[in-house]
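Beneath this line is the structure, given in structure tokens, with notes to follow.
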Amino acid sequence: MTENLMVTDEAAARRLAKRHAAERRFRMYGALAICLALFALLALLGSILWRGLPAFNSHEVHLDIHFDPELLDPQATGDPEVLGRGDYGRLVKLSLRAAFEDVTGRRERRALSALVSSGAAFELRERVLANPELVGSTTSVWLPLSDDADLFFKGGIDASVEEADRRLSDDQLSWLGTWEAENRVERRFARRFFASGDSREPELAGIRGAFVGSLWTLLVTLLLAFPIGVSAAIYLEEFAPKNRLTDFIEVNINNLAAVPSIVFGLLGLAVLLNFLGMPRSAPLVGGTVLALMTLPTVIIASRSAIMAVPPSIREAALGIGASPLQVVSHHVLPLALPGILTGTIIGMARALGETAPLLMIGMVAFIVDVPSGPTSPATVLPVQIFLWADAPERAFVAKTSAAILVLLAFLVAMNLVAVLLRNRFERRW
């Protein structure tokens, strides 16, 4: 009898030890999965930071520019239109030739001019239009270098490689070395990245146009999705009769939340552009498509927030004579508003990162100007990233990663606002 009890205790101890070991393995697998996810996230963010940080600064060269009246305003009229038509590119070339007088050949002069960005002429034009008194004077000006010269100073071009295998010739490297020895080259904050629109030249390309386009698109999305989504959620949760039609609508709203975003883009292409004739590549159309895509998320989040309001609140309001509409507008909706806003902001953040539906409605076009309204031609940040990632110039690699950093910062800010709103107004029942 005693031996049987000892055998039973030993078996139970083995089973208990086996169960504890299984639990330890399960916890270890979970911790390992979290560590792998964190490692992947850190590796991704580190890679983007490593590639994108150089785009936030650029190299400029200090040149002495003579604003020759014969090239800018031969009749000395002082008319801004005449000054705007001046040959500012010629001023840059003359300055370069004065700095390197030994460069006489046509090919060498062309190679020397290629070291300075084509945007230098536009910068000189803006200076003269802002201050016409510059005409006739000689002024030292910081001008942007070309993308290849900028890439060389950032270590992107190896001077030890054979001349035929790199984008800068030996002469160009020699001229850049001369400028560096004379302290004429300086790394500066790339304000053009935030202040300019898109450009074919990497050193002049910026995200301002795409950023403003994203803001207009999100504004249209918010104005359409928020009132319609909240109204639908209130009706379905508080007023709709419980029948098969209501169940059918609820099931389809849940299914729409899982529909691929490209389908909404096809819907926008067929209905908004081809049938209604709305302007192509406009934030109005992009925002409408994204509102259709975001509506199920807003409705589901709003219904969950409304359901979380205790029934006793409604019963107490009805008990003192409030109508159903007064119960909803005076008690249920204010109490559910933090959850509704949180769900809406998360839905907007998802819309901000979408690319596929916007490609279908033409927001992939090359647009230089900053949009001035919801009907102006525009693009958005995700599409701008897509365009730069497909560009052949190496300098666009850093621009792409930098734009991704800006987009991530935008998304994190929106999610932070959602968390703050929830923590500030959340009530526990």
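The values are calculated or read from the model by the stated rules, or taken from the named source; none is laboratory data. Note that the coordinates shown come from a computational prediction; the quantities given were computed from them, not determined experimentally. Cβ: placed from backbone, ideal geometry, glycine included. Neighbour counts: every protein chain shown. Accessible surface areas use protein heavy atoms only, side chains included; no ligands, DNA or RNA. Shrake-Rupley method; radii C 1.70, N 1.55, O 1.52, S 1.80 Å.
For the range 360-377, the candidate set comprises residues that are aliphatic (A, V, I, L, M) and either modelled with pLDDT of 90 or more or within 10 Å of residue 286 (Cα to Cα) (or both); within that set, the residue that is nearest to the chain's Cα centre (by Cα) is 363.
Among residues that are touching a Phe, Trp or Tyr at 6+ places or on another chain (Cβ under 7 Å) and of a type in the set (Val, Ile, Thr), residue 297 is not included. When the range 100-116 is filtered for residues that are open to solvent by 30 Å² or more (accessible area, probe 1.4 Å) and over 41 Å from the mean Cα position of the chain (by Cα), the ones remaining, listed by number, are 101, 102, 104, 106. Quick check on my filter: what residues within the range 235-258 are touching a residue at least 24 places away in the same chain (Cβ under 8 Å) and more than 17 Å from residue 301 (Cα to Cα)? 239 - this is the single residue of the range 235-258 that is touching a residue at least 24 places away in the same chain (Cβ under 8 Å) and more than 17 Å from residue 301 (Cα to Cα).
Results for (1) closer than 29 Å to residue 293 by Cβ; (2) open to solvent by 50 Å² or more (accessible area, probe 1.4 Å); (3) within 16 Å of the chain's Cα centre (by Cα); (4) modelled with pLDDT of 95 or more, shown as yes or no for each residue.
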site: 174; (1), (2), (3), (4): no, yes, no, no
site: 183; (1), (2), (3), (4): no, yes, no, no
site: 207; (1), (2), (3), (4): yes, no, yes, no
site: 213; (1), (2), (3), (4): yes, no, yes, no
site: 225; (1), (2), (3), (4): yes, no, no, no
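Which of the residues spanning the range 104-136 are without any contact (Cβ under 8 Å) to a residue 12 or more places away in the chain and of a type outside the set (Asp, Glu)? Scanning the range 104-136 gives 104, 105, 106, 107, 110, 130, 131. Of everything in the range 126-162 that's among the hydroxyl-bearing types (Ser, Thr, Tyr) and in a strand (DSSP E or B), which residue is least open to solvent (accessible area, probe 1.4 Å)? Selected residue: 139. Looking only at the range 380-390, residues that are open to solvent by 30 Å² or more (accessible area, probe 1.4 Å) and either under 18 Å from residue 53 (Cβ atoms) or not in a helix (DSSP H, G or I) (or both) come to 2 in all.
Search the range 256-279 for residues being touching a Ser or Thr at 6+ places or on another chain (Cβ under 9 Å) and open to solvent by less than 40 Å² (accessible area, probe 1.4 Å), and hand back the single one that is nearest to residue 353 (Cα to Cα). Only one residue tops the list, namely 261. Within the range 87-115, the set of residues being within 16 Å of residue 146 (Cα to Cα) and in a loop (DSSP other than H, G, I, E, B) comprises 114, 115.
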